[in-house]
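Peer 1: Sending over a structure as structure tokens; questions will come in a sec.
The values are calculated or read from the model by the stated rules, or taken from the named source; none is laboratory data. Here the structure is a predicted model, which means the values were calculated and not measured. Positions of Cβ are generated from backbone atoms using ideal geometry, with glycine treated the same way; all protein chains shown enter the neighbour counts. With ligands, DNA and RNA removed, areas are computed over all heavy atoms of the protein, side chains included. Shrake-Rupley method; radii C 1.70, N 1.55, O 1.52, S 1.80 Å.
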Amino acid sequence: RHPDLLGIMGMFVNSLALRNFPWGEKRYETFLAEVAARSVKAYENQDVQFETLVEKLELVRDPARNPLFDVSVGLQDIWEPKNPDAASSSPDDSKELELLSFRAEENGEARYKNPTAKFDLTFFIHEQGDNVQVAIEYYRAVFKELTIARLGLHFRNRLREVVKNPRI
């Protein structure tokens, strides 16, 4: 968003740190509204430099850790034009969540394996056709593969339940 960057080629990532509170007897739709409000507020302050934020918060720096967060969610929101002639889908036609293999294995061999996790947990979420796919990258010194596999299954089950019943 800065005019000095307009002529520069490259990938610029704008990570926004959000703190959310999904506990208690809070309904999912209430929590979702809170996340949306916090997200809007974060976007209003997105031009604050990372280093400035860390200094203002007086956080202790550890080169092995991110000073603001341990879990990252990357949502690839790729817009695909809809066919205006297609019949509208019913609520039962919700997208199926497909949990990707944690090592992205194909025929028993890893297609891609990142040797260094940037955070303790990173969820990569994107739409592919009529599916929502999730890949989880994790720090092996903190989590075991079996723990991440269980976490992925719980995540999928919670998302399925929320789609069926957003008032949960």
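Peer 1: Using the structure shown, select from K118/K144; K41/K118; K144/K164 the pairs with a Cα to Cα distance greater than 27 angstrom.
Peer 2: As for pairs spanning more than 27 Å Cα to Cα, those are K144/K164.
Peer 1: So, one more: Give the residues of segment 41-58 whose amide nitrogen is closer than 20 Å to a point set 7 Å from the Cα of L5 in the direction of its Cβ.
Peer 2: 41-56
Peer 1: What does the accessible area of K41 come to, in Å² to the nearest 10, when a probe of 1.4 Å is used?
Peer 2: Result for K41: roughly 130 Å² accessible.
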